[in-house]
1. Between the helical axis of 179-188 and the dominant principal axis of the chain, each derived from Cα atoms, what acute angle in degrees is found, rounded to the nearest 10?
2. Specify the angular offset, from 0 to 90 degrees and rounded to the nearest 10, of the alpha carbon long axis of helix 94-106 from the longest principal axis of the alpha carbons in the chain.
3. Compute the angle between helix 122-133 and the longest alpha-carbon principal axis of the chain, please, reported from 0 to 90 degrees and rounded to the nearest 10.
4. Out of K130, K118, K106, any idea which swings most in a Gaussian network model of the chain, alpha carbons joined below 10 Å?
5. Under 20 Å from a label point 7 Å along Cα→Cβ of K118: give me every residue in region 7-50 with its amide N that close.
6. If R₀ is 51 angstrom, what is the calculated FRET efficiency for the pair A52 and K7, using the beta carbon separation as r and rounding to 0.05?
7. Springs between alpha-carbon pairs under 10 angstrom, Gaussian network model over the chain: which of P76, P176, P67 fluctuates most?
8. What list of ³J(HN,Hα) values in whole Hz, one per residue of region 45-50 in order, does the Karplus curve 6.51 cos²θ - 1.76 cosθ + 1.60 (θ = phi - 60°) give from phi, with Gly and Pro shown as x?
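The values are calculated or read from the model by the stated rules, or taken from the named source; none is laboratory data. The structure displayed is predicted, hence computed values, not measured ones. We place every Cβ from the backbone using ideal geometry, glycine too, and count neighbours over all the protein chains shown. Keep in mind that these areas ignore ligands, DNA and RNA; they rest on the heavy atoms of the full protein, side chains included. Shrake-Rupley method; radii C 1.70, N 1.55, O 1.52, S 1.80 Å.
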Amino acid sequence: MAQTAEKLKGIIFDKDGTLFDYAQVWEDVLKEGIDKTFTSMGRKEHHKAKSAMLTLMGIDEQGKCLPKGLVFTHRPARILRRFLVYCLRYRVNAIKAIRGYHQSVKNSEVLLTEKLRKMDFTIQQTLFRKLKEAGYAIGIITNDNDSSTALFLSLMGLEQMVDFVSSRDSHYRRKPHPEAFQTFCSKAGLNTSEVAMVGDTITDMLFAKRSRAGYTVAVLTGSNDRKRLKPISDVIYADVSALLQDKRIFPSH
């Protein structure tokens, strides 16, 4: 947890589950991807296994995010172990499942585009505009790929207000390693203590801590893991709209 009250001049956001509700955007995409994966394996009617895979990924039957979902976990060994246990239990060919799933998600941009165009991102646009008016440098550091990240920022109307983007394809070491955070600071001419980090997972909070961020904000629109997020963040909010009233980020309030 940050101990400094130094003036903040930069802010870094995670993308999925932070800038928007994860399940609201990704539930349909994941369901379609899982359905296509099982169809490609000749097991389209295996409804119980498909439902279990969605739960494994991190979304329950009511469309709520599950803190222990694989999409909120960034430890490869843990992800692989849990996935293999799932495959053994439901007699799913692991290699075919991985190939089919990655291919379906890779081809999901049409569905994502349709969904994002129907959503209202006024709050996010207002937040980013006020941050820029206050002189902030804005960064996005995500484990999504370049094309998907660019698609999101464009359709959310945020693209022109972002100064730095690091994705899975950027060749920086992944969160929670601080390399991308340090690169943002270097390019913006800022000390790490002058930068806030906003994220939704334990990985984001560890990333902030290891990067020596000046302020760490957790939101509940992703992993929804309040119990574990609270002890390692400076503040925890329901969603990013609360940042508009945050006196640490906007001292004039």
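1. Once rounded, the angle reads 40 degrees.
2. 50
3. 30
4. K118
5. Counting backbone N atoms under 20 Å from the label point, the list is 17, 20-36.
6. For A52 and K7, the calculated efficiency is 0.55.
7. Maximum among the listed residues: P76.
8. Result, rounded to whole Hz: 8, 7, 5, 5, 5, 5.
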